[in-house]
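Written below as structure tokens is the structure these notes are about.
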Amino acid sequence: MKSFLIIGMGLFGHHLCRSLEKMDCEIMIVDEKEEAIEDMLPYVVSAKIGDCTNIEVLKTFDIPSFDSCFVCIGENFQNSLEITSLLKECGAKRVISKADRDIQEKFLLRNGADAVIYPEKNMAERYAIRESSEHIFDYINLGSDYSIFEIDVLDRWAGKTVKELNFRVKYNLAVLATKKNGVVTPVISGESRFEKDEHLLVLGKEEDVRKVTK
């Protein structure tokens, strides 16, 4: 069972905590305000009130024992920077910090963050891609220009197999699975035949997906 520390129990911290709890993780939460943690007590193994810009406070949490530490402070970016740096100083294995702007992401990475969460930007990009095409239903960004896209089966593909379409070579996309009525089925053979009323989960670059679906 993995264990996590969440510092800053605003709206994002609340959603993160509930999501981790559903995955049977052990969670400790910290905030300066008591009212920010009260409603989360049923979801966590420990809840503390404290100023995490004070390294002596952080040292009482046994920072190296957590698999990851999340810094979810949204109102005071200076505090977020300081806490990110102090967590690393205290021996944190992995620090994931929340950013609201591009410049914040750069500074957090320079100050020790192993990864940066940019929820508003990520969600905006996701919906922009989904809503700007009639054939793209969802996508997951994997970094390095590659993403997983959920697209529909075009008329010219229906009834044909992955092998017949020469999909990877012709479209520069890898078919990972099909999805029908909410059920995902991995594509493990070139003989898998596409049906008109199903979706495909493909791995590739956005530019290649748009060439196919426009």
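Read-outs throughout are calculated quantities, based only on the coordinates presented, and are distinct from any laboratory measurement. Model, not experiment: these values are computed from the prediction. Glycine gets a Cβ as well: all are built from the backbone with ideal geometry, and neighbour counts include every protein chain shown.
Summary table below
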read-out: Cβ-based charge dipole, segment 31-83, positive-most Cα from Ser80, Met40, Cys69; value: Cys69
read-out: Compactness of the chain - radius of gyration and Dmax, Cα, Å; value: 21.6, 65
read-out: Local electrostatic count, Asp51, Cβ distance below 15 Å [Lys/Arg +1, Asp/Glu -1]; value: -3
read-out: Radius 14 Å from Cβ of Asp155, net charge of other residues (Lys, Arg +1; Asp, Glu -1); value: -2
read-out: Helix axis angle, 11-22 relative to the chain longest principal axis, alpha carbon, degrees; value: 70 degrees
read-out: Highest to lowest packing among 35-48, 82-95, 195-208, scored as the average C-beta count within 10 Å; value: 82-95, 195-208, 35-48
read-out: The chain: angle of helix 119-131 to the longest principal axis, Cα-based, in degrees nearest 10; value: 10 degrees
read-out: Amide H within-cut-off set for Ile117, under 5 Å, with H built and near neighbours excluded; value: Ser97, Lys98, Ala99
